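J.: First the structure, then my questions, so here it is.
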Amino acid sequence: MVDLTDIREITADLPRSYEVLVRDRIKFRVGQIVYLAVAADEQTIGLGFPREERAAALAAEPDKFLPPRPSDERFQWIELNLAAVEYDELRELILDAWALCVPKKVRREYFGE
């Protein structure tokens, strides 16, 4: 199972990304935009995810993806069960969430586009 150490390793080299502690929850931001939030029990995370793809992900993999809290449904957000994901997939999901927040130029430079 992946854990907070893996999350920190993945986010460590992302341009403009930084970690904060908000009400005893670890969050990762770009500017003031949160793209990843770790649950207090560190068993799940919330992360940026395209709103238009959320319903399909929830239907296809209900053990992996969980719906966001009702207050977060208006955002591009989804919850992820860390026990149901491997490192490579977690990395891909985190990079996608980060890419939603950074300017296009930063994203292109990071991915070498």
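The values are calculated or read from the model by the stated rules, or taken from the named source; none is laboratory data. Predicted, not measured: the structure shown is a model, and the values here were computed from it. Here the Cβ positions follow ideal geometry from the backbone for every residue, glycine too, while neighbour counts run over all protein chains shown. Surface accessibility is based on the protein's heavy atoms, side chains included, excluding ligands, DNA and RNA. Shrake-Rupley method; radii C 1.70, N 1.55, O 1.52, S 1.80 Å.
Conditions tested, residue by residue: (1) closer than 24 Å to Met1 by Cβ; (2) touching a residue at least 12 places away in the same chain (Cβ under 8 Å); (3) assigned to a strand (DSSP E or B).
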residue: Ala40; (1), (2), (3): yes, yes, no
residue: Glu53; (1), (2), (3): no, no, no
residue: Ala56; (1), (2), (3): no, no, no
residue: Glu79; (1), (2), (3): yes, yes, yes
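J.: Same structure again: What is the number of the single condition among (1) touching a helix residue (DSSP H, G or I) at 6+ places or on another chain (Cβ under 6 Å); (2) surrounded by 14 or more Cβ atoms within 10 Å (Cβ to Cβ) that Glu42 does not meet?
T.: It fails just one condition, (2).
J.: Of the residues Ala57, Ala99, Ala37, which is closer than 14 Å to Leu14 by Cβ and open to solvent by less than 70 Å² (accessible area, probe 1.4 Å)? Steps first, answer last, please.
T.: Working: Ala57 fails: closer than 14 Å to Leu14 by Cβ; Ala37 fails: closer than 14 Å to Leu14 by Cβ.
Going through Ala57, Ala99, Ala37 in turn, just one is closer than 14 Å to Leu14 by Cβ and open to solvent by less than 70 Å² (accessible area, probe 1.4 Å): Ala99.
J.: I'm checking my understanding of the structure. Among residues of region 74-96 that are under 15 Å from the mean Cα position of the chain (by Cα) and among the charged types (D, E, K, R), which one is least open to solvent (accessible area, probe 1.4 Å)?
T.: Glu79
J.: Name the residue that is farthest from Glu89 (Cα to Cα), counting only residues in region 4-30 that are in contact (Cβ under 8 Å) with a residue 40 or more places away in the chain and over 13 Å from the mean Cα position of the chain (by Cα).
T.: Here the residue is Arg16.
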